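A short reminder: the numbers here are calculations on the coordinates, not readings from a lab. Only a predicted model underlies this, so the values are computations on that prediction, with no experimental measurement involved. Ideal geometry is used to build each Cβ from the backbone, glycine not excepted, and the neighbour counts take in all protein chains shown.
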Amino acid sequence: MLQTAKVFVTGRSQAVRLPLEFRFDSPEVFIRRDPATGDVVLSAKPTDWQGLLDAVAHNADQDFSLERRPAQPRRDPFDGWEE
């Protein structure tokens, strides 16, 4: 079931009063507008970078352990050349 929230103006800003079950634990949130639908989306803003660092550390092991071709040694273009 869809819920609704009240929109109100405070000063020169528009605000939304979120129902209790939608409240955020942090003092700030990320906000973006979906270009396809025009919907405004709020997302929790992390208080630290630990989640990102953990994700990068986990994926870095997979990305950098891929077998890579060693670089071909450059051959001397003058090798064997006599004047």
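With 0.36 nm allotted per residue and the present C-alpha distance subtracted, the Gln72-Thr4 stretch has 18.1 nm of extension available.
Coupling constants for the stretch 4-15 follow from the phi torsions by the Karplus curve (6.51 cos²θ - 1.76 cosθ + 1.60, θ = phi - 60°), and in residue order they are 10, 9, 7, 9, 9, 10, 10, x, 9, 10, 9, 9 Hz; glycine and proline get x.
Between Gln14 and Val56, what is the FRET efficiency for a Förster distance of 30 Å, r being their Cβ-Cβ separation, to the nearest 0.05? Intermediate values should be presented prior to the final figure.
Numbers: r = 36 Å, r/R0 = 1.21.
In this case the efficiency is close to 0.25.
Dipole of the chain, Cα-centred, from +1 at each Lys and Arg C-beta and -1 at each Asp and Glu C-beta, to the nearest 20 debye? Before the final figure, lay out the partial values.
Numbers: 11 positive and 14 negative charges, 193 e Å.
The dipole of the chain has a size of about 920 debye.
Under a crude label model (7 Å from the Cα following the beta-carbon direction), how far is Arg32 from Glu82 in nanometres? Using points 7 Å along Cα→Cβ, the separation is 6.8 nm.
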